[in-house]
Amino acid sequence: MSYPACRAKKELTSDKTCMKKLVDQGGGSWQCEVHGDAVDGPEYRYILSARLGDHTGTSYVTLFNAEGIAVLGTSADAIQALKSANEAGAEEVEELFNEKSFTEQLVTLKVRKEQVKNEDKLKLTVIKVRPLEGETLVRENKVLLAAIKEYMMA
Ligand SMILES: [Zn+2]
């Protein structure tokens, strides 16, 4: 669901962070393969697997950090803190996931064909999530109405 990522800057002149997976050394100490001791500890980042559905069917997709935050409305760090806090925290996380299930969003997917054991498989990654409301909802309903009209004419 998420992984402990290195917070160090990728390069001194860059604002981008390293984001490599940190290895837990125990006793609150973390190690990055590039930056060594990660003294600030990890930033948890999402790698979520979700099932999306529309009128054509359902598919499994992957969501990374920004899209995970857009869907769940909270950071992977906050989720991790709740989960490791106590039983009530873990229940709160479960409630959040239940609450966010079966919600409608407008998503943009990146689709890549991959070969797995000589079989073509489609790998779907969510690259943008927008709430289905306001002008977006109006526009999407127009697309849907046009599709229904076309279906009725056929
Ligand atoms: Zn690093």
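Every number here is computed from the coordinates shown, using simple stated rules; none is lab data. Note that the structure is a prediction, hence the values are computed from the model and not measured. No Cβ is skipped: glycine too gets one built from the backbone with ideal geometry, and neighbour counts run over all protein chains shown.
Partners of residue 83 within straight-line reach, counting lysines whose Cα lies under 21 Å from its Cα and excluding those fewer than 8 residues away in the same chain: 21, 100.
Shape analysis of region 25-154 yields a ratio of the Cα radius of gyration to the Kirkwood radius, Rg/Rh, of 1.09. Highest mobility in the GNM of the chain, judged by mean-square fluctuation with C-alpha springs under 10 Å and restricted to 107, 138, 34, is found for 138. With the simple spin-label model, which puts each label point 7 Å out from Cα in the Cβ direction, the residue 9 to residue 24 separation comes to 3.0 nm. Computed extension length for residue 138-residue 47: 29.7 nm, one decimal, from 0.36 nm per residue of separation with the Cα-Cα distance subtracted. Peptides 45-51, 22-28 ranked from most to least packed, by the mean per-residue count of other Cβ atoms within 10 Å: 45-51, 22-28. Relative to the globular-protein estimate of 2.2 N^0.38 Å, the Cα radius of gyration of region 3-61 stands at 1.57.
Annotation: extensible slack from residue 95 through residue 116 equals 4.1 nm (criterion: 0.36 nm per residue apart, minus Cα-Cα distance).
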